[in-house]
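Reading through the structure tokens given below for one structure.
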Amino acid sequence: MKRFSALVTVFLLPFCSAQAGEFKVAGMTFAGPKEFASVKPTSFMRKAQLKVGVDAAEGEIVFFHFGPRGGGGLQANIDRWFGQFTEPKAEIKAKTEKVKAGEIPVTFVSAEGTFKAGPPRGPVVEKPGYALLGAIIESKEGAIFAKFTGPKATVSAHAATFKKMITGAK
């Protein structure tokens, strides 16, 4: 039995998630809180990927960075994120909030409704009752895009922790 347990540990451990801890994106260091687990990014475009919650209530946080002038402008990304909902902007409680992470400008974006999940130009899966809490961090190395999506209750429960992780970045 001990041998079987050791084999399971050796083969399955790389696929398990771990507490997020510290991670870097575009020269900035983020401290992942204990409630967030680090997982292997599912795409080369994702610079870091975290999960929040479990099973059906699981949310996802993804960090993107496309270089100094990559990813489009601030307003274009805000509009794109709001456009990821099936309902019109007026019905998704669309909000933006400007803050700072030290001296670095950050724009938080939030919305809720039926989220259109899926890769760009790929199949879309509509997820009713979802929320998005995003952050566009205007770093010296170009914008960092952090997007937290999941069931509304999960995103709401962890919104303050997500914002603290973003504004506490160094």
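Here Gln19 clears all of (1) part of a strand (DSSP E or B); (2) modelled with pLDDT of 75 or more except the condition numbered (2).
Here region 61-92 is the region considered, the condition is being in a helix (DSSP H, G or I) and basic (Lys, Arg), and the residue that is farthest from Ala146 (Cα to Cα) is Lys89. Listed conditions (1) hydrophobic (A, V, I, L, M, F, W, C); (2) without any contact (Cβ under 8 Å) to a residue 40 or more places away in the chain; (3) out of contact with any Asp or Glu (no Cβ under 6 Å at 6 or more places or on another chain) are all met by Ala131, apart from (3).
For region 23-41, the set of residues classified as out of contact with any Leu (no Cβ under 8 Å at 6 or more places or on another chain) and outside any strand (DSSP E or B) consists of Ala26, Gly27, Lys40, Pro41, listed by residue number.
Consider region 54-80 and keep the residues that are at pLDDT below 85 and within 18 Å of Ala153 (Cβ to Cβ). The one that is surrounded by the fewest Cβ atoms within 10 Å (Cβ to Cβ) is Asp55. Exactly one residue out of Val124, Val155, Val99 is among the β-branched types (Val, Ile, Thr), over 19 Å from Thr42 (Cα atoms) and loosely packed, with under 14 Cβ neighbours inside 10 Å: that is Val99.
Please tell me if Phe108 is aromatic (Phe, Trp, Tyr), buried (at least 16 other Cβ atoms within 10 Å of the Cβ) and closer than 17 Å to Thr167 by Cβ. Answer is yes for this residue. Here the strands (runs of 3 or more DSSP E) wholly within region 93-170 that include at least 3 residues being under 20 Å from Ala57 (Cβ atoms) and out of contact with any Pro (no Cβ under 6 Å at 6 or more places or on another chain) are 104-117, 125-139, 142-151.
The values are calculated or read from the model by the stated rules, or taken from the named source; none is laboratory data. Everything numeric here is computed off the predicted structure, so don't read it as measured data. All Cβ positions, even for glycine, are placed from backbone atoms using ideal geometry, and neighbour counts span all protein chains on display.
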